[in-house]
Amino acid sequence: MKQQKYRVLVVGMGKRGMHHAATFQANPRFEVVGICDIDSARLETAKAKLGNPQTGADAAALAAAVHPDVFCFCTLPHLRVPMIEVAVNSGAKLVAFEKPVALTSNEAFKMKALLDSASVKAVVSHQHRYGAHYRKVKEIAASGALGRIHTVYGTSTGWMTHMLSHLIDYARWYAGEPEAQWVMAQAAGRAKLADNHPSPDYLAGVVQFAGGIRGWFEAGAGAPDQPEVAKWWGKNCVGAQGTEGFAEVLTNGGWRAVSRRDGYQSGEGTMSYDADMPPYIQDMADWLDGKATHPCCFASAYKGFEIMAALQRSAAQGGQVALPLATGADEQALLKAALSDRTVLVSDPVNKKEYGMA
Ligand SMILES: NC(=O)c1ccc[n+]([C@@H]2O[C@H](COP(=O)([O-])OP(=O)(O)OC[C@H]3O[C@@H](n4cnc5c(N)ncnc54)[C@H](O)[C@@H]3O)[C@@H](O)[C@H]2O)c1
């Protein structure tokens, strides 16, 4: 029996938009019927590579013309609520978009309300989950080899709005996706507030998860170097510790584990868009077909987003922040008002260049 081909519109033909569009087009369950960007040169280059879909600079107008089943947008983090509005109004069955979920909880609350009211499926691109080394750590954590998992953690030398969303998503996964109850955090450094992924230069915080599981997260200049990893953006470590061992993944440096049951183990692995995108996209077809819910579904990403927003509120306002969040806020404004002018202190000279100190 011939299976339905889902019609896809991709908005934002930059790095990630091209990854998404090319992977949709390569999957027999999807057809890219429209691509959108405000940069016409970018759009023309992309069109030739994607089988000449319809093009346009206005996402709403193009969506009205092509009636997508999947509305995918890969714009920078400042553009989220208007795209969710266009997606929902287009009648699409599934919205796929990039991390972070949003810059502020004010925005995320609106996005959640729009998606819930329209019963539209949504997926957020935390596609590292598909890496063989990330999955190996999940396999070990879920096998019981670590005993009772009491701690999960994630660190990245890259700054918050780029990386923290990834760290929280994978650490929650390793912990078995427990509910977060409260967080407390500190932040330092204003240089990256002006970045297109606006962030404090360094944020560190703790999360109390249900079941007594502690989460530790650090993103930015003060986060530890991972000297085993050469690529600076790959110096991320996410792991789980239990009563009988630990297991952790390095984004561009494989995985390692020590447990009472299995002793020392390690393996290769490096984050690869070419390897991670095809199964991430295939799982969207399966979800649309009514099979399993996508592992990167909005409901799960939203839980991680709440933690990320709460860490920022705590860093800006002090004290513990209870979860789930009861009201929205503008965490970006809170950080801008609260962060001191003191220059961030790095954990290692390897971080100086990216923070403008080299
Ligand atoms: N999941 C991952 O591993 C990963 C990796 C890198 C980036 N990202 C995320 O992907 C998102 C996009 O990042 P990128 O590096 O592809 O950015 P990019 O700057 O390369 O691409 C963004 C594109 O959006 C276009 N655009 C802007 N406004 C638009 C509008 N109103 N309508 C249509 N197009 C518009 C721009 O012209 C540009 O071509 C960000 O949220 C980023 O955090 C995720």
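All of the numbers you see were taken from the coordinates with simple rules; none came from a lab. Predicted, not measured: the structure shown is a model, and the values here were computed from it. Cβ placement follows ideal geometry from the backbone for every residue including glycine, while neighbour counts extend to all protein chains displayed.
A few points about this structure:
- The one condition in (1) in a helix (DSSP H, G or I); (2) out of contact with any Asp or Glu (no Cβ under 8 Å at 6 or more places or on another chain); (3) not charged (D, E, K, R) that residue 304 fails to fulfil: (2)
- Screening residue 56 with (1) surrounded by fewer than 16 Cβ atoms within 10 Å (Cβ to Cβ); (2) within 14 Å of the ligand (Cβ to nearest atom) gives one miss only, at (1).
- Cβ pairs under 9 Å, 6+ apart, first in the stretch 106-133 and crowded, with 20+ Cβ neighbours inside 10 Å, second polar (S, T, N, Q) and in a helix (DSSP H, G or I): 124/165; 124/300; 126/165; 126/300
Conditions (1) within 24 Å of residue 166 (Cβ to Cβ); (2) in a strand (DSSP E or B); (3) under 18 Å from the mean Cα position of the chain (by Cα); (4) in contact (Cβ under 8 Å) with a residue 40 or more places away in the chain, marked per residue:
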site	(1), (2), (3), (4)
9	no, yes, no, yes
28	no, no, no, no
32	no, yes, no, no
35	no, yes, no, no
47	no, no, no, no
87	yes, no, no, no
99	yes, no, yes, yes
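- Matching residues, the stretch 202-228, being among the aromatic types (Phe, Trp, Tyr) and buried (at least 19 other Cβ atoms within 10 Å of the Cβ): 202, 209, 217
- Taking (1) part of a loop (DSSP other than H, G, I, E, B); (2) without any contact (Cβ under 8 Å) to a residue 12 or more places away in the chain; (3) among the hydroxyl-bearing types (Ser, Thr, Tyr) in turn, residue 270 satisfies each apart from (2).
- Test: residue 309 is touching a Leu at 6+ places or on another chain (Cβ under 6 Å) and of a type in the set (Gly, Ala, Ser): no
Results for (1) of a type outside the set (D, E, K, R); (2) under 26 Å from residue 78 (Cβ atoms); (3) not in a strand (DSSP E or B), shown as yes or no for each residue.
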position: 123; (1), (2), (3): yes, yes, no
position: 129; (1), (2), (3): no, yes, yes
position: 165; (1), (2), (3): yes, yes, yes
position: 187; (1), (2), (3): yes, yes, no
position: 198; (1), (2), (3): yes, yes, yes
position: 206; (1), (2), (3): yes, no, no
position: 219; (1), (2), (3): yes, yes, no
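- Residue among 85, 98 that is within 13 Å of the ligand (Cβ to nearest atom) and farther than 21 Å from residue 281 by Cα: 85
- Out of 156, 199, one residue alone is among the polar types (S, T, N, Q), within 16 Å of the ligand (Cβ to nearest atom) and closer than 24 Å to residue 325 by Cα. It is 199.
- When residue 178 is tested against (1) surrounded by fewer than 24 Cβ atoms within 10 Å (Cβ to Cβ); (2) part of a loop (DSSP other than H, G, I, E, B); (3) within 16 Å of the ligand (Cβ to nearest atom), just one condition goes unmet, and that condition is (3).
- Complete set of residues in the stretch 49-61 that are part of a helix (DSSP H, G or I) and under 27 Å from residue 127 (Cα atoms): 49, 59, 60
- Of the criteria (1) touching a Gly at 6+ places or on another chain (Cβ under 7 Å); (2) of a type in the set (Lys, Arg); (3) within 16 Å of the ligand (Cβ to nearest atom), which one residue 129 fails: (1)
- With respect to the conditions (1) more than 12 Å from the ligand (Cβ to nearest atom); (2) surrounded by 22 or more Cβ atoms within 10 Å (Cβ to Cβ); (3) outside any loop (DSSP other than H, G, I, E, B); (4) not hydroxyl-bearing (Ser, Thr, Tyr), residue 68 lacks only one, and its number is (3).
- In the stretch 101-118, the residue that is nearest to the chain's Cα centre (by Cα) out of those that are part of a helix (DSSP H, G or I) and of a type in the set (Ser, Thr, Tyr) is 105.
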